[in-house]
1. For the chain, modelled as a Gaussian network with Cα springs under 10 Å, which listed residue fluctuates most, 302, 318, 200?
2. In the stretch 96-248, what % of DSSP beta bridges are antiparallel (nearest 5)?
3. Dipole magnitude of the chain about its Cα centre, charges +1 at Lys/Arg Cβ and -1 at Asp/Glu Cβ only, in debye to the nearest 20?
4. How many percent of Cα pairs in the chain exceed 36 Å?
5. Percent antiparallel among DSSP beta bridges with both residues in the stretch 332-406, to the nearest 5?
6. With a cut-off of 8 Å between alpha carbons and a minimum separation of six or more residues, what is the relative contact order of the stretch 52-139 in percent?
7. If you take every residue apart from residue 115 with its C-beta less than 9 Å away from the C-beta of residue 115, what net charge results, scoring Lys and Arg +1 and Asp and Glu -1?
8. Using Cβ counts within 10 Å as a stand-in for footprinting exposure, how do 275, 49, 372 rank, fewest first?
Amino acid sequence: MLSVIEAEEIILNLVRGSNSHRDTEIVDLETANGRVLATAVTGKLDIPHWNNSAMDGYAVRYQDLEDCSPNKPVTLEIVTEIAAGDRPTVEIKSGQAARIFTGAMLPQGADTIVIQENTTREADLVTILQAPQPEEFVRHQGAFYQAGTPLLASGIKIGAAEIAVLATAQCTQLSVYRRPRVAILSTGDELVTPEQTLQPGQIVDSNQYALASFVANNGGIPLKLGIVSDCPEELKSAIAKAIETADLVLSTGGVSVGDYDYVDRILAELGGTLHIRSVAVKPGKPLTVATFDNNCLYFGIPGNPVSALVSCWRFVQPALKQLSGQKNYRSRFVGAVTRHELKAAGKRETYLWGQLHLVDGKYKFALAGGSHSSGNLVNLAQTNGLAIVPVGHKLIKSGEPVTVMLIS
């Protein structure tokens, strides 16, 4: 068996050798959410676009107020009023001020804002009760971003904050990486869909739905190919179709050493190169990774639902992110203190699921209650971290440090 680190590096090197993630397309801002920038974005506008006021108050010349104090107030003539969206037409001269509102463009001649709380007003006169700082509450043109310089780098996944930046810079057409197509199929005569009436001995296929959600959340397009029986001919036909139509294939079941586990043999028959057969990890020891001449990357993962998801989180997620063009594709780990005993057999790197919380600036890990069986997906709900018990360790006591892999 390969170690977890060895398996991860093999997988990421296989993705690196693929050209699929270099395919790009143009999308507009309305449909850019969740996509990954293929080229750096450079804006044509300064941000802010012009000098503007950060507060409601009065636009003034600082030199008129240098000696202002509560004991020596200064009265100025209000010569104009500027709301957000107005274009000022009056230049502020010595002894003058403009009534101005948050976001409004600064008029010529003014260089400072006096907030309205530090003033009193009578008709067209405003009395300044306290001297401002030079250029106080002025947002200067280009203070946040200068036109012509890099705005967002390639490889960034676009979310709400990036959408706001792009909209402000009026960047409405974006070059993004094509989302990888991921075929998903479940193998096993025992499986039925959630819509079917369950008969004795049968198992509901949750993997098809869980993995489709996993793929969509990580930037891919899930192609649900359904349940395939354990008939070698049917399985070979389904796998061949998946390899033909997808950039990445996820099949569950059929990769162990049972009499009905045909996947590895079929992949070889279809011309695949098998790079990984098993990994020293629990859950998820049976892991098949293969490549094909068309650059399709194949993952054969265990059928047990917990093993399937842990395998995806640990091995498939970085590959899928890398394939989609994201720069930050590697798994993230944090140090925490465990609130519960963490037990393992010691022979394989063991992942135990639960919840990670930040308490007084330090991460605490709480083990999910109930059985940590690879078939028990019930207590997997609300999991946001996997505590790692390294090879050679059988116990991490409550209160001791532990490394936790973030999954959300």
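1. Checking each option, the largest mean-square fluctuation is seen for 200.
2. 30 percent
3. Dipole about the Cα centre, nearest 20: 1340 debye.
4. 47 percent
5. Given both bridge residues lie in the stretch 332-406, the antiparallel proportion sits at roughly 90 percent.
6. 43 percent
7. Result for the local shell: -3.
8. 49, 275, 372
Values quoted throughout were computed directly from the atomic coordinates according to the rules given, and no laboratory measurement underlies them. As the structure is a computational prediction, the values presented were derived from the model and not from experiment. Cβ sites come from the backbone with ideal geometry, for glycine too, and all protein chains shown count toward neighbours.
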